[in-house]
Structure formats: structure tokens, C-alpha cells
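Comments concern the structure below.
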Amino acid sequence: MGGAKKKTMKQMERTHKTKGEPPKGGKTAPAEKKTAVTKAVKVDEESVLKEIAKLKVSTPSTLAAQLGVKVSYAKQLLEELARKGSVELVSSCSRLRIYKTASSA
């Protein structure tokens with residue numbers, strides 16, 4: 001009925017040989033884990049404001065794409081600029097916040 005096909009003698013010998021010996025050219029020591037390397041990018045407020053001024057409205061994702069930083073960092077930048085009054089919050093919901101420059105209000 002069902003089930004796996006019975007292996008031939010030669011196939012069984014091969015599996016027993018390879019189980020007992022380490023693979024040829026294989027690694028004997030466990031591999032080291034790679035850690036993610038993050039770039040420490042410092043962006044000054046003037047360059048951020050210039051990028052925002054080019055756009056009608058700005059979101060954290062558009063700013064991150066323009067500056068080449070992570071979205072979380074762009075979100076922090078926009079929140080900080082909004083507190084200082086350089087940028088104005090237009091609309092927000094639980095996931096998305098839309099900003100514009102305060103001078104274009």
C-alpha cells in the first residue's frame with residue numbers, strides 16, 4: 001500500500017557511511033552570527049527643513065527616503081521639529097502623520 005520505497009543495499013551503505021563521518025570540507029566549529037551594522041547618520045535640521053520645503057506635505061516614510069535614514073529616525077525628527085514649531089502637523093491617525101512646513105501655513 002503506502003509508504004516509502006525500500007532502499008537498495010548500496011543506498012543503505014551510503015547513508016551509514018555519511019552518518020558516521022563529518023562531511024568533507026564542512027565546518028567543524030559553529031558559524032559566528034552576523035550582527036547588523038547600522039550607520040550612525042546625523043542629519044542637521046537645516047537639511048531636513050530643506051527637504052520638507054521641496055514637498056507639499058511630508059510623512060516619515062517620504063523623509064526617510066529623501067535623507068536615506070530609517071523611518072523610525074525620520075519619525076523622531078519630524079516630532080522634534082513639530083515641538084519646536086518648524087513643522088506643522090496637518091493630519092494624523094494611528095499609523096500615519098502628515099506634516100508641512102510652518103511657513104507655508
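The values are calculated or read from the model by the stated rules, or taken from the named source; none is laboratory data. Model, not experiment: these values are computed from the prediction. Because the Cβ atoms are built from the backbone with ideal geometry, glycine has one as well, and the counts that use them run over all protein chains shown.
Considering each of Thr35, Thr62, Thr8, Thr28 in turn, give the residue that is exposed (fewer than 10 other Cβ atoms within 10 Å of the Cβ) and at pLDDT 90 or above. Break it down into steps so the answer makes sense when it comes.
Details: Thr35 fails: at pLDDT 90 or above; Thr62 fails: exposed (fewer than 10 other Cβ atoms within 10 Å of the Cβ); Thr28 fails: at pLDDT 90 or above.
Just a single option satisfies the conditions, and that option is Thr8.
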Inset, instruction - Restricting attention to the range 39-84, report how many residues are within 17 Å of the chain's Cα centre (by Cα) and β-branched (Val, Ile, Thr). - result: 4
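Looking only at residues in the range 89-105 that are among the aliphatic types (A, V, I, L, M) and not in a loop (DSSP other than H, G, I, E, B), which one is surrounded by the most Cβ atoms within 10 Å (Cβ to Cβ)? Spell out how you get there, then give the answer.
Filtering the range 89-105 down to residues among the aliphatic types (A, V, I, L, M) leaves 89-90, 96, 98, 102, 105.
The next check asks that each one be not in a loop (DSSP other than H, G, I, E, B); those that pass are 89-90, 98, 102.
Numbers: Leu89: 12, Val90: 14, Ile98: 17, Ala102: 15.
Filtering the range 89-105 for residues that are among the aliphatic types (A, V, I, L, M) and not in a loop (DSSP other than H, G, I, E, B), the one surrounded by the most Cβ atoms within 10 Å (Cβ to Cβ) comes out as Ile98.
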Legend entry - Subset of the range 64-88 (residues that are outside any helix (DSSP H, G or I) and out of contact with any helix residue (DSSP H, G or I) (no Cβ under 9 Å at 6 or more places or on another chain)): Gly68
